[in-house]
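Below is one structure; the comments refer to it alone.
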Amino acid sequence: MNFAWLKQIMPRGLYGRAALILVVPIVTIQLVVSVVFIQRHFERVTRQMTQSMLREIALVIDRADGAPSADAAQAALIDLAAPLGLDVAFVLPAVVPATDQRPFADLTGIVVIDTIRSEIPQVAAIDLRDGAKVRLYAPVRWGMLRITFPRGTVSASNPHQLLVLMLAVSVLMTVIAYLFLRNQLRPIRRLARAAEAFGKGQAMPYKPSGAIEVRAAGTAFLEMRARLERQIEQRTLMLSGISHDLRTPLTRLRLGLSMLPETPDTREEIAAMERDVAEMGKLVDAFLAFAREEATSGDAARLDPCAFVAQVVEDARRTGAQVTLHECPGPGQALLTFRPDAMRRALDNLIGNATRYGSQAEVSVFLTPKALRIVVEDDGPGIAPERREEALRPFARLDPSRNQDRGQGVGLGLSIAADILRSHGGTLRLGESARLGGLSAELVLPR
Ligand SMILES: Nc1ncnc2c1ncn2[C@@H]1O[C@H](COP(=O)(O)OP(=O)(O)OP(=O)(O)O)[C@@H](O)[C@H]1O
Ligand SMILES: [Mg+2]
């Protein structure tokens, strides 16, 4: 059996599902019970009422049959009918309906007709078309007798009162259940919101509340959040500690190298060692800058992404980079929450790469209902698909000889950008620019 269609029509939210679980069984049980009960109840009441009425009718028919003459029968009926509350008269056989008559929706009428027929078989026809009266035709020795009495004496009135009452109570109970349910679901929704915000790198105040299970999940979430924050902090501390401590021996090394007596034999080697030491110094500086920036990456803010990107591009251009803003949805389209300092660094790194490895860069901003995409494209050599993952790793420099003339980086730019995106719950994607032919680096931020 395939239940995929069921999944399609089921409510997706916790509210809808809980309401379904709560309401469907209750409504079903109530409906079944009330229909069965009401039907039985009214059937029995109608039958009993009809039966007690029938004794009187049987008496009237009996008297009419037993009278010695038509006139005597008439007189006997007048005597009898009034105190019994019946209206009795002789009618012409032509007015008698051919079959029993009742309105289609008159369900207790079935029971009335059924009971009369089983108790007094000689009845010719029963007419229930007038909702307020029962007309019964019975042949006696002196002609066709029509007996009329109010319908209220054979079936219970106002059967709908019970239904209305039940409906009102059901609605009331459902409303109360919904209110309780909402209180139970609120803590779950708050936990979900806090977890989502944390995934996007935003700190949101959260305090566990609600049922024990939800509270346990909330406490576990808080502990996990604290552990992660501690880990990031430790990583930064260690990084800055090591880089800082490495500086002094490196300086000593550089000094020592410059003091070495130079001979034609050693000159080459000393120069190579000095280059190595200089590179190590650059690495240590990058490390320190990275650690420092991470520690001061600032708070999140709600900003217009287009205006933000335009500002970053403008700043880059002022420092001499060949970069233009290619496409941007009109300002004021949407506001997004992110840490502007960190995002600026990520974007600067990508623009820096594009202008270092290519000759010009273009930045575009796209807004979709689910995400913000900032794409940086260039006309450089690009990165082959199988090397893209490697390029994202820290200290990865692809093909360094190729970029010799443009000044060596340390290979941290892309990995820092990817890290920043990850901490916002987004990703950094590398691809090939269709328009410029070089690399296209895409920052994807969930909305
Ligand atoms: N736009 C690009 N076009 C071609 N190759 C690129 C581009 N961006 C990055 N690369 C390659 O990926 C490698 C890693 O880039 P990354 O930005 O991480 O380091 P880097 O630019 O070498 O140094 P840093 O950015 O730390 O100064 C680069 O060395 C380069 O070979
Ligand atoms: Mg770089």
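The values are calculated or read from the model by the stated rules, or taken from the named source; none is laboratory data. Keep in mind that what you see is a predicted model, and the values were worked out from it rather than measured. Note that each Cβ is placed from the backbone with ideal geometry, even for glycine, and that neighbours are counted across all protein chains shown.
Overview of values
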quantity: Residue in region 90-101 that is charged (D, E, K, R) and in a helix (DSSP H, G or I) present; calculated: no
quantity: Where a residue in region 377-391 is assigned by TED's automatic domain parsing to the domain that holds Ile351 and its partner, wherever it lies, is surrounded by 14 or more Cβ atoms within 10 Å (Cβ to Cβ) and β-branched (Val, Ile, Thr), with Cβ under 7 Å and at least six apart; calculated: Ala391/Ile383
quantity: Subset of region 22-56 (residues that are surrounded by 11 or more Cβ atoms within 10 Å (Cβ to Cβ) and more than 30 Å from Ile147 (Cβ to Cβ)); calculated: Leu22, Val23, Ile26, Val27, Gln30, Leu31, Val33, Ser34, Val35, Phe37
quantity: Residues within region 333-354 that are closer than 13 Å to Val312 by Cβ and among the β-branched types (Val, Ile, Thr), tallied; calculated: 1
quantity: Selection within region 57-88 - among the aliphatic types (A, V, I, L, M), within 13 Å of Ala138 (Cα to Cα) and surrounded by 15 or more Cβ atoms within 10 Å (Cβ to Cβ); calculated: Ile57, Val60, Ile61, Ala64, Val88
quantity: Single residue of Gly437, Gly431, Gly425 found to be surrounded by 15 or more Cβ atoms within 10 Å (Cβ to Cβ), within 40 Å of the chain's Cα centre (by Cα), more than 7 Å from ligand 1 (Cβ to nearest atom) and at pLDDT 90 or above; calculated: Gly431
quantity: The lone exception for Asn183 - which of (1) in contact with a Gly (Cβ under 9 Å, 6 or more places away or on another chain); (2) of a type outside the set (Asp, Glu); (3) under 30 Å from His424 (Cβ atoms); (4) surrounded by fewer than 13 Cβ atoms within 10 Å (Cβ to Cβ) it fails; calculated: (3)
quantity: Residue list for region 409-442, filter: more than 24 Å from Asp299 (Cβ to Cβ) and away from ligand 2 (no atom under 13 Å from the Cβ); calculated: Arg429, Gly431, Glu432, Ser433, Ala434, Arg435, Leu436, Gly437, Gly438, Ser440, Glu442
quantity: Among residues of region 274-321, those that are within 16 Å of ligand 2 (Cβ to nearest atom) and either of a type in the set (A, V, I, L, M) or not in a helix (DSSP H, G or I) (or both), counted; calculated: 7
quantity: Members of region 346-388 found to be away from ligand 2 (no atom under 16 Å from the Cβ) and in a helix (DSSP H, G or I), listed by number; calculated: Pro385, Glu386
quantity: Subset of region 381-414 that is near ligand 1 (Cβ under 6 Å from one of its atoms) and modelled with pLDDT of 90 or more - its residue that is farthest from the chain's Cα centre (by Cα); calculated: Pro381
quantity: Region 102-136: number of residues that are basic (Lys, Arg) and part of a strand (DSSP E or B); calculated: 2
quantity: Residue within region 161-177 that is out of contact with any helix residue (DSSP H, G or I) (no Cβ under 8 Å at 6 or more places or on another chain) and surrounded by 15 or more Cβ atoms within 10 Å (Cβ to Cβ) present; calculated: no
quantity: Among (1) touching a His at 6+ places or on another chain (Cβ under 6 Å); (2) surrounded by fewer than 19 Cβ atoms within 10 Å (Cβ to Cβ) - the single one Glu362 does not satisfy; calculated: (2)
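For (1) away from ligand 1 (no atom under 16 Å from the Cβ); (2) at pLDDT below 90; (3) more than 21 Å from Ser423 (Cα to Cα), each residue gets a yes or a no:
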{"residue": "Ala300", "(1), (2), (3)": "yes, yes, no"}
{"residue": "Arg339", "(1), (2), (3)": "yes, yes, no"}
{"residue": "Ala346", "(1), (2), (3)": "no, no, no"}
{"residue": "Leu350", "(1), (2), (3)": "no, no, no"}
{"residue": "Ala361", "(1), (2), (3)": "no, no, yes"}
